[in-house]
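See structure below.
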Amino acid sequence: MVHDITTATRPRTGTHWYLDIDPRRSLIQGTAYRMINRAMDLRLCLFVAPLAPSMMILVALLIYIDSPGQIFFRQLRTGKGGRRFRMYKFRTMVPNAEELKLVYAHLNELTWPDFKITDDPRVTRIGRLLRKTSLDELPQILNVIKGDMSIVGPRPTSFSPETYRLWHTERLEVLPGITGLWQVNGRSKLDFDERLKLDIAYIERESIWMDIQIIARTAGQVFIGEGAY
């Protein structure tokens with residue numbers, strides 16, 4: 001059931017703009033929506049394909065000069081239906097970042113198993129730039145092409161679905177995304193439960209128009225670098 005849709009008397013602005021999207025008015029739903037959404041994902045991947053190789057080579061070179069070691073970061077994430085898949089990113093941290101997590105656990109600003117530190121000392125100099133511009137997410141184009149992810153959807157968690165509460169599992173009904181509703185409504189500032197509420201709001205209101213708005217707003221967030229660290 002979609003909540004708070006009929007309570008709006010005028011268009012909302014700011015962080016609650018999505019509440020004005022009524023899925024009952026959408027002409028494209030269910031299987032048709034998923035097919036068009038998949039086609040849109042592939043077209044967007046093809047659009048960036050001519051620029052991606054040269055950009056990725058440049059980023060890879062900068063990463064290696066700044067912090068010699070592996071260029072890519074591969075991590076198991078939780079996808080649709082709770083299926084675990086390997087997600088790709090550019091490495092933005094020192095090579096032993098996972099070992100250092102315990103050292104800096106007392107600085108964690110979110111609720112475990114979430115882990116986020118403002119000005120994380122494990123992040124490299126070039127890593128900060130990549131995160132601010134979201135260029136570290138560029139390799140996830142491969143995940144989209146493979147069908148593990150969509151351009152828009154709930155962000156896949158690194159922790160397994162066994163750690164989810166029952167109400168959390170609604171986010172597993174759709175493909176995870178490179179960007180989503182919480183990325184344009186607070187980004188890294190939100191705790192897991194707050195992000196879950198936005199994920200569920202997206203799932204209950206999913207539409208092509210909403211996806212287009214999220215992509216456009218994500219571009220704006222990347223431009224100003226708000227909420228990313």
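The values are calculated or read from the model by the stated rules, or taken from the named source; none is laboratory data. Since the structure is predicted, the reported quantities are computational estimates derived from the model, not experimental observations. Cβ sites come from the backbone with ideal geometry, for glycine too, and all protein chains shown count toward neighbours. Surface areas here come from the heavy atoms of the whole protein model, side chains and all, with no ligands, DNA or RNA. Shrake-Rupley method; radii C 1.70, N 1.55, O 1.52, S 1.80 Å.
Filter segment 30-47 for residues that are open to solvent by 50 Å² or more (accessible area, probe 1.4 Å) and touching a residue at least 40 places away in the same chain (Cβ under 8 Å) and give the result.
36, 38, 42, 44
Filter segment 91-112 down to the residues that are part of a loop (DSSP other than H, G, I, E, B) and β-branched (Val, Ile, Thr), then identify the one that is farthest from residue 137 (Cα to Cα).
Here is the first cut: in segment 91-112, the ones part of a loop (DSSP other than H, G, I, E, B) are 91-92, 94-96, 104, 108-112.
This time we only want the ones that are β-branched (Val, Ile, Thr), so: 92, 94, 111.
Working: 92: 10, 94: 17, 111: 23 Å.
It comes out as 111.
Applying the selection to segment 83-105, what residues are touching a strand residue (DSSP E or B) at 6+ places or on another chain (Cβ under 7 Å) and among the charged types (D, E, K, R)? Please lay out each step first, then the result.
Step one: of segment 83-105, the residues touching a strand residue (DSSP E or B) at 6+ places or on another chain (Cβ under 7 Å) are 84-93.
Residues satisfying the conditions are 84, 86, 89, 91.
Test each condition in (1) assigned to a strand (DSSP E or B); (2) crowded, with 16+ Cβ neighbours inside 10 Å; (3) touching a residue at least 60 places away in the same chain (Cβ under 8 Å) for residue 88 and report the one that comes out false.
(3)
Does residue 126 meet the test of being within 17 Å of the chain's Cα centre (by Cα), assigned to a helix (DSSP H, G or I), modelled with pLDDT of 95 or more and over 20 Å from residue 221 (Cβ atoms)?
Judged against the criteria, residue 126 is not a match.
So for segment 119-132 (the condition being acidic (Asp, Glu) and out of contact with any strand residue (DSSP E or B) (no Cβ under 9 Å at 6 or more places or on another chain)), does at least one residue qualify? Full working, then the answer.
Taking segment 119-132 first, the residues acidic (Asp, Glu) are 119-120.
Then drop every residue that is not out of contact with any strand residue (DSSP E or B) (no Cβ under 9 Å at 6 or more places or on another chain), which leaves 119.
Yes, some residue in segment 119-132 is acidic (Asp, Glu) and out of contact with any strand residue (DSSP E or B) (no Cβ under 9 Å at 6 or more places or on another chain).
Say whether the condition of being open to solvent by less than 50 Å² (accessible area, probe 1.4 Å), within 21 Å of residue 171 (Cα to Cα), in contact with a Gly (Cβ under 8 Å, 6 or more places away or on another chain) and part of a loop (DSSP other than H, G, I, E, B) is met by at least one residue in segment 139-150.
Yes.
Please enumerate the residues belonging to segment 161-178 that are open to solvent by 10 Å² or more (accessible area, probe 1.4 Å) and in contact with a strand residue (DSSP E or B) (Cβ under 6 Å, 6 or more places away or on another chain).
Correct list: 161, 175, 178.
Under 7 Å between Cβ atoms, which residue pairs at least 6 apart in sequence (or on different chains) link something in segment 109-128 that is within 26 Å of residue 56 (Cα to Cα) with a partner that is open to solvent by 50 Å² or more (accessible area, probe 1.4 Å) and not in a loop (DSSP other than H, G, I, E, B)?
126/62
Name the single residue, out of those in segment 163-196 being of a type in the set (D, E, K, R) and modelled with pLDDT under 90, that is farthest from residue 140 (Cα to Cα). Step through it out loud before you land on a result.
Of all residues in segment 163-196, those of a type in the set (D, E, K, R) come to 165, 170-171, 173, 187, 189, 191, 193-195.
Right, trim to modelled with pLDDT under 90 and you get 165, 187, 189, 191, 193-195.
Details: 165: 27, 187: 18, 189: 22, 191: 23, 193: 24, 194: 24, 195: 20 Å.
Only one residue tops the list, namely 165.
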